[in-house]
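The values are calculated or read from the model by the stated rules, or taken from the named source; none is laboratory data. Because the structure is a prediction, the values reported are computed rather than measured. We place every Cβ from the backbone using ideal geometry, glycine too, and count neighbours over all the protein chains shown. Just the protein is used for accessible areas: all its heavy atoms, side chains included, with ligands, DNA and RNA removed. Shrake-Rupley method; radii C 1.70, N 1.55, O 1.52, S 1.80 Å.
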Amino acid sequence: MYGYDFRDYAYPSLKRRIWHQIFREQLHSISALQGKVLSDPDCVDRFVRNLSIPVTEMFRDPSMFKAFREKVVPKLRSLSSIRIWHAGCSTGEEVYSMAILLQEEGLYDRTRLYATDMNSLSLQTAKEGICSLDKMKQYTKNYLEAGGKRSFSEYYSATDEGTVILNPFLRENMIFADHNLATDMSFNEFNVVFCRNVMIYFNDQLRNRVHRLFYESLSHNGILVLGSKESLHFTQCESSYEELDFNEKIYRKIR
């Protein structure tokens, strides 16, 4: 009815979050939640936000960004244009982190960053580029550990509301769009695809579907970056990649 399909999400996590939503809606059964979902679009929005689990931070897992800077950026320098897809971008901290990294490496002007998510509220937050001021200390620490070359404060301005606004120039080459990994198809050819700590919530069938989607979306020698708890091992596409960095889950498409 609404275009969402959670049938191939990992069942234990899905079950836990369904019951969490039942309690949040002050209901007492799955049937009652079903009835409310079918009649109240606002309930659907709340339900999807609960299921999509927006957890992120700028330069999260700094060692991955450092490895990307050292092992992937040199391979991107020969390209006249660079397309990078952040699938499941949540509220956008990862894509802004990549924009900063590419700016420092002199590559941002020729890059397009595509940031997609199925959660419309998260996408709107990402478009605005607003973060809590309280998080800046951790973000600065992450940035420095990731090999940052400047003062992190150059990339944001504080407001009177206890928030910061990321520098607008970082958004100049970003494209934000709705995209559902469970149901939507490839929409472009990319040099790099990021999908970190998203597929841990999928079952094997959906993981294989998404890996096929990424394989079809990557150019030859394209780079796939997964989350710290994810791997290509035991997937249908495993033999199509080589490892660039085992610890940071960075792979290159070779066939």
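The range 41-143 has equivalent-ellipsoid semi-axes of 27, 17, 11 Å, by the square roots of 5 times the alpha carbon gyration tensor eigenvalues, sorted largest first.
Can you tell me the accessible area per residue over the chain, all protein chains present, probe 1.4 angstrom, in square angstrom? Here the residues of the chain average 49 Å² of exposed surface. Computed with every protein chain present, the accessible area of THR125 is close to 50 Å² [probe 1.4 Å]. Stretching the chain fully between SER157 and ARG112 yields a gain of 13.8 nm (0.36 nm per residue, less the alpha carbon separation).
Compute the distance from the alpha-carbon center of the range 142-160 to that of the range 63-97, in whole Å. Between the Cα centres of the range 142-160 and the range 63-97 lies a distance of 17 Å. Highest mean packing first, where packing is the average number of other Cβ atoms within 10 Å per residue, the peptides 181-188, 144-151 line up as 144-151, 181-188. The spacing between the range 202-231 and the range 101-121, judged by their C-alpha centroids, is 19 Å.
Modelled label positions at ARG212 and PHE6, each set 7 Å beyond Cα in the direction of Cβ, lie 2.4 nm from each other. The largest accessible area among GLU248, GLU242 belongs to the first residue in GLU242, GLU248, and the rest follow in falling order (1.4 Å probe, all chains). Counting Lys and Arg as +1 and Asp and Glu as -1 over every other residue whose Cβ lies under 11 Å from the Cβ of ARG207, the net charge comes to -1.
Here the range 1-125 is assigned +1 on the Cβ of each Lys and Arg and -1 on the Cβ of each Asp and Glu. Its dipole about the Cα centre then comes out at about 320 debye. Measuring r between the beta carbons of LEU27 and GLN205 and using R0 = 30 Å, the FRET efficiency lands at 0.50. The share of accessible area on the chain that comes from carbon and sulfur is 49 percent, using a 1.4 angstrom probe.
When you filter the GluC sites (Glu not before Pro) in the range 12-91 for DSSP loop state and at most 13 other Cβ atoms inside 10 Å of their Cβ, nothing is left. Positive contributions from Lys and Arg (+1) and negative ones from Asp and Glu (-1), summed over other residues with Cβ under 10 Å from the Cβ of ASN188, come out at +1. Out of THR235, ILE175, MET185, whose Cα points farthest toward the positive end of the dipole of the chain (charges: +1 Lys, Arg; -1 Asp, Glu; placed on Cβ)? Of the options given, the answer is THR235. The lysine pair count for the chain, using Cα distances under 19 Å and pairs eight or more places apart or on different chains, is 16.
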